[in-house]
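The structure appears below as structure tokens.
The values are calculated or read from the model by the stated rules, or taken from the named source; none is laboratory data. What you see is a predicted model; the values in this text were computed from it and never measured. Here the Cβ positions follow ideal geometry from the backbone for every residue, glycine too, while neighbour counts run over all protein chains shown. Just the protein is used for accessible areas: all its heavy atoms, side chains included, with ligands, DNA and RNA removed. Shrake-Rupley method; radii C 1.70, N 1.55, O 1.52, S 1.80 Å.
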Amino acid sequence: MAATANARNVIGEATLGELEATLRGQLVRPTDPDYDQARAVWNAAHDRHPALIIRCAGTADVMRAVEFARSEGLEVAVRGGAHSIAGFSTSDGGVVIDTSPMQGIRVDPTSRRAVAQPGLTWSAFDHETQAFGLAVTGGLVSSTGIAGFTLGGGLGWLLRKCGLTCDNLLSADVVTADGQLVTASEQEHPDLFWALRGGGGNFGVVTSLEYRLHPVGPLVFAGAVFYTGASAVQVLRGWRDLTATMPDELTTLANILVAPPVPFLPEAAHGQLVVAILGVYAGSVEDGAKTTQPLRTLAEPLADLMGPMPYTAMQGLLDPLWTTGAQNYFTAALLDRLDDDAIDTLLAQHAAGEAPVRELHLHHGGGAMSRVPAGATAFAHRNAAYVLNIIARSPDREGFEQHAGWARATHQAMDPWSTGGGYVNFTSEPGQDKVQASYPPDTYARLVAAKDRYDPTNLFRLNQNVRPSGGH
Ligand SMILES: Cc1cc2nc3c(=O)[nH]c(=O)nc-3n(C[C@H](O)[C@H](O)[C@H](O)COP(=O)(O)OP(=O)(O)OC[C@H]3O[C@@H](n4cnc5c(N)ncnc54)[C@H](O)[C@@H]3O)c2cc1C
């Protein structure tokens, strides 16, 4: 309730009332019954108390919210799907500009384009585009929001066939720090358009995103194959070897994990080390069945869940394992190779961890993602052979710091194989070193130039922050 006093004292009820009267959406105060629900974010490690939550109904509300936050000198957190690992979409004592009520989408099947509002999750987005057999690279967990995901880059099951999500962004409407709406595209504000594709939420509040769509499914050959811990080395080496010749249609991920207590795995495996190979073949089901066959015979499988399925089913397959309310720590490394020593190191690190959920995701890169020139977008680290996402998750606070320490140690242990680059969307901790690692120096310099132009006072600083050169 400290935040209540703060909001009342600092802002004043009359000012809040005036703000409220100018909104089409909802103003949520700390005294409101739905405040706790409205302030909650996916990662419960960030239990913060904003002074205000402005649940925007449209662009006009976003413009008003930006203007209000700036004039009152409030810290600004921008929210889409609330899945920021680092907790950037909430604040203690600041204002949350919540775009989650903005869920409109228009799909044009003829031009294969979609114009979507930032409050959509991938689940809703895919539902609409799949009605026409179309899709764009989306999140591995379908409750993730499209906005934060796209602005940071966007790795998903279509990345080798269609590129990163941000590679398929055609234009965006953005409310910049001065409260004005601009459209960014190759033709208009190209410096902003470039920066939005990988530079995260540094440049304003996006109110509309236009995407290029691709024919996908609705039925694809996809799923997961689980192998025992005893065959982990063989499976990971086999998968690594197969990635050298995989076609672009096939995007896969190897996951080293503690088996969850799911009914499709034998009870004896629950709580034990297992390796899962997951993937989607974005082509015909027949070709997918043939191409994925070697992935399903890397050893004797514990469970083989690969087969023809709706693309939307694959998009939702992992959702039950990644529900809101737990404490989560993610950190990512970009790997230029995965030799036998790297595999041994990953397995040793996994064994050394104690988090009840600890997963080492190896996303196979290359394909369409790697063919976009490094300077074309702010997401520039395109040559990584694998993106390693190190995940520690526990139901409550107990032991969480230790688990986060394990994730950091694992990251460090992989230094010999790392390109030194990072990925803003998979980074739990803010910090200049993390931000700089996410971009090559010339990319970072261009981001600073865009920041200077569109947010010179760093109003939008709750993100992997690109600081303007003025020192804010
Ligand atoms: C369970 C889970 C699975 C994930 N899977 C993947 C994956 O497969 N691939 C991948 O690449 N990433 C993945 N991520 C990471 C994800 O891409 C980022 O956390 C992303 O920021 C989430 O976007 P959001 O809109 O849901 O988050 P929010 O918390 O709402 O926003 C995160 C940040 O994005 C910016 N932002 C959000 N909305 C706007 C807006 N309208 N305008 C301007 N800036 C905005 C802000 O800086 C904000 O702080 C996953 C995360 C989780 C928690």
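Taking square-rooted eigenvalues a ≥ b ≥ c of the alpha carbon gyration tensor, is the stretch 134-255 rounded, prolate or oblate, where a/c under 1.5 means rounded and, failing that, a/b exceeding b/c means prolate?
Because a/c hits 1.5 or more and a/b exceeds b/c, the stretch 134-255 counts as prolate.
Can you tell me the dipole magnitude for the chain around its Cα centre, using point charges on the Cβ only (Lys, Arg +1; Asp, Glu -1), in Debye to the nearest 20?
With Lys and Arg at +1 and Asp and Glu at -1, about 500 debye.
Grab the alpha carbons of the stretch 271-343, take their convex hull, and tell me the volume per residue in Å³.
In the stretch 271-343, the Cα convex hull volume per residue is 173 Å³.
Would you please calculate the Kirkwood hydrodynamic radius of the stretch 238-283 over all C-alpha pairs and express it in Å, rounded to one decimal?
Result for the stretch 238-283 stands at 12.2 Å.
For the stretch 406-472, compute the orientation-averaged projected area of the C-alpha convex hull (one quarter of its surface), in nm².
Dividing the Cα hull surface by four gives the mean projection, 4.9 nm².
What ranking do 241-253, 386-398 get when scored by the average of other Cβ atoms within 10 Å per residue, highest first?
So the order, starting with the most tightly packed, is 386-398, 241-253.
From largest to smallest, what semi-axes in whole angstrom does the stretch 1-127 give when each is the square root of 5 times an eigenvalue of its alpha carbon gyration tensor?
28, 17, 11
Ordering Ser231, Ser284 by accessible area with a probe of 1.4 Å, largest first, what comes out?
Ser284, Ser231
If the reach is capped at under 28 angstrom between alpha carbons, list the lysines near Lys451, excluding any in the same chain fewer than eight residues apart.
The qualifying lysines are Lys434.
With every protein chain present, what accessible area does Phe460 have (1.4 Å probe, heavy atoms only), rounded to the nearest 10 Å²?
0 Å²
Which order do Lys161, Lys451, Lys290 take by accessible area at a 1.4 Å probe, largest first?
Ranking Lys161, Lys451, Lys290 by accessible area, largest first, yields Lys290, Lys161, Lys451.
State the Kirkwood hydrodynamic radius of the stretch 321-403 in Å, one decimal place, computed from all pairs of distinct Cα atoms.
14.6 Å
Alpha carbons only, please: Rg and Dmax for the stretch 201-255, in angstrom.
Rg and Dmax of the stretch 201-255, Cα atoms, are 17.8, 49 Å.
List every residue whose amide H lies under 5 Å from the amide H of Val220, counting only residues 5 or more places away in sequence or on a different chain, with H placed 1.01 Å from N in the peptide plane.
Here the answer is Met309, Tyr311, since their amide H atoms fall under 5 Å of that of Val220.
Counting only protein chains, not ligands or nucleic acids, how are Val220, Val285 ordered by accessible area (probe 1.4 Å), most first?
So, going from the largest accessible area down, we get Val285, Val220.
Counting only protein heavy atoms and using a 1.4 Å probe, what share of the accessible area of the chain belongs to carbon plus sulfur, as a whole percent?
With neighbouring chains kept in place, the figure for the chain is 52 percent.
Using Cα atoms only, what is the angle between the long axis of helix 59-72 and the major principal axis of the chain, expressed in degrees (0 to 90) to the nearest 10?
Once rounded, the angle reads 70 degrees.
What is the packing order of peptides 72-79, 107-114, 13-20, taking the mean over residues of other C-beta atoms within 10 Å and listing the highest first?
72-79, 107-114, 13-20
For Ser71, what accessible surface area do you get with a 1.4 Å probe? Give it in Å², rounded to 10.
Roll a 1.4 Å probe over it and Ser71 shows about 90 Å².
Give the Rg (one decimal place) followed by the Dmax (whole number) of the chain, computed from C-alpha coordinates and expressed in Å.
Using the Cα atoms of the chain, the pair Rg, Dmax is 21.8, 68 Å.
Could you give the C-alpha radius of gyration of the stretch 107-193 expressed as a fraction of 2.2 N^0.38 Å, taking N as the number of residues it contains?
Taking the Cα Rg and dividing by 2.2 N^0.38 Å, one obtains 1.10.
For Ala135, list long-range residues whose amide hydrogen, built 1.01 Å from N in the peptide plane, is under 5 Å from its own amide hydrogen.
Close amide H contacts, sequence-distant or interchain: His214, Val216.
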